[in-house]
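*Asks:* Quick one: the structure is below, and I'll ask about it shortly.
The values are calculated or read from the model by the stated rules, or taken from the named source; none is laboratory data. Note that the structure is a prediction, hence the values are computed from the model and not measured. Don't worry about glycine lacking a Cβ; one is built from the backbone with ideal geometry, like all the others, and counts go over all protein chains shown. Ligands, DNA and RNA are stripped out before the accessible areas are found, and what is left, the full protein with its side chains, is counted by its heavy atoms. Shrake-Rupley method; radii C 1.70, N 1.55, O 1.52, S 1.80 Å.
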Amino acid sequence: MEVPGAGYVVLTLLVALFGALVWKYARRLVTVTRVLRAGVRADGECVRVETEPYNRSDARRHFFAFRTADGTRVEFEDLAGWSTTEGARVTVTYDPRDPARTATVAGRGSWSPVLQSLALVAGCGLAALGFAVLLYFEIFGSGR
């Protein structure tokens with residue numbers, strides 16, 4: 001059974017999903033860029049690595065911790081390479097006005113945080129654009 005307009009709804013939802021991801025990662029890109037230029041650096045470490053459900057080898061979440069200049073312990077999640085393990089020492093850069101929301105891992109041995117965010121913005125942006133084009137052709141046809 002075919003539901004009229006279901007294709008429009010699915011494509012619209014995909015455009016909205018990837019559009020929201022572009023917005024989220026673009027904001028992160030701006031924050032990371034600003035913090036790397038004018039932020040404070042601190043020593044930190046990877047405090048835990050969580051594997052996503054179903055043991056997908058490509059789905060790991062990395063959590064890091066550091067202490068601010070006033071001694072406050074801050075824990076945050078950030079992108080990291082597969083080789084980053086629990087206990088690994090890292091350099092953290094953050095904005096002292098809001099360390100928990102601006103902290104990023106900025107060190108050797110991994111992609112720059114800016115490149116990681118940029119890759120996510122570009123990938124999600126291309127997906128959103130692709131689904132938007134498909135939606136356009138679904139609605140208006142190929143013009144023939």
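*Asks:* Name the single residue, out of those in the stretch 49-78 being under 21 Å from SER112 (Cα atoms) and open to solvent by 80 Å² or more (accessible area, probe 1.4 Å), that is modelled with the highest pLDDT.
*Replies:* Among those that are under 21 Å from SER112 (Cα atoms) and open to solvent by 80 Å² or more (accessible area, probe 1.4 Å), it is GLU77.
*Asks:* Determine whether VAL22 is touching a Cys at 6+ places or on another chain (Cβ under 8 Å) and aliphatic (A, V, I, L, M).
*Replies:* On the way: touching a Cys at 6+ places or on another chain (Cβ under 8 Å): yes; aliphatic (A, V, I, L, M): yes.
Yes: the conditions hold for VAL22.
*Asks:* Do we have GLY125 as at positive phi and either in contact with a Cys (Cβ under 8 Å, 6 or more places away or on another chain) or in contact (Cβ under 8 Å) with a residue 12 or more places away in the chain (or both) here? Even if it seems obvious, please write down each step before you answer.
*Replies:* Working: at positive phi: no; either in contact with a Cys (Cβ under 8 Å, 6 or more places away or on another chain) or in contact (Cβ under 8 Å) with a residue 12 or more places away in the chain (or both): yes.
No, not satisfied.
*Asks:* Only one of (1) outside any strand (DSSP E or B); (2) under 17 Å from ARG101 (Cβ atoms); (3) among the β-branched types (Val, Ile, Thr) fails for THR12. Which number is that?
*Replies:* (2)
*Asks:* Could I ask something else about it? How many of the residues in the stretch 113-144 are assigned to a helix (DSSP H, G or I) and among the hydroxyl-bearing types (Ser, Thr, Tyr)? Steps first, answer last, please.
*Replies:* Filtering the stretch 113-144 for residues assigned to a helix (DSSP H, G or I) gives 113-140.
Imposing the further condition that a residue be among the hydroxyl-bearing types (Ser, Thr, Tyr) reduces the set to 117, 136.
Result for the stretch 113-144: 2.
*Asks:* I would also like to ask the following. In the stretch 11-32, which residues are of a type in the set (Val, Ile, Thr) and surrounded by 14 or more Cβ atoms within 10 Å (Cβ to Cβ)? Quick ask: steps written out before the conclusion?
*Replies:* Pass one, the stretch 11-32, residues of a type in the set (Val, Ile, Thr): 12, 15, 22, 30-32.
Once the filter is applied, which keeps residues that are of a type in the set (Val, Ile, Thr) and surrounded by 14 or more Cβ atoms within 10 Å (Cβ to Cβ), the stretch 11-32 yields THR12, VAL15, VAL22, THR31, VAL32.
*Asks:* Related question: (1) within 20 Å of the chain's Cα centre (by Cα); (2) not in a strand (DSSP E or B): which one isn't true of ALA69, the others all being true?
*Replies:* (1) is the only condition that ALA69 fails.
*Asks:* Shifting gears a bit: Identify the residue in the stretch 85-120 that is among the β-branched types (Val, Ile, Thr) and open to solvent by 30 Å² or more (accessible area, probe 1.4 Å) and, among all such residues, is nearest to the chain's Cα centre (by Cα). Can you show your working first?
*Replies:* Keep residues of the stretch 85-120 that are among the β-branched types (Val, Ile, Thr), which gives 85, 90-93, 102, 104-105, 114.
This time we only want the ones that are open to solvent by 30 Å² or more (accessible area, probe 1.4 Å), so: 85, 91, 114.
Values: THR85: 19, THR91: 19, VAL114: 10 Å.
So the residue we want is VAL114.
*Asks:* When you look at ALA80, is it farther than 15 Å from ARG101 by Cα and in contact with a Ser or Thr (Cβ under 7 Å, 6 or more places away or on another chain), yes or no?
*Replies:* Details: farther than 15 Å from ARG101 by Cα: yes; in contact with a Ser or Thr (Cβ under 7 Å, 6 or more places away or on another chain): yes.
Yes; evaluated as a whole, the condition is true for this residue.
*Asks:* Does the stretch 17-36 hold any residues that are out of contact with any Leu (no Cβ under 8 Å at 6 or more places or on another chain) and hydroxyl-bearing (Ser, Thr, Tyr), and which are they?
*Replies:* THR31, THR33, listed by residue number.
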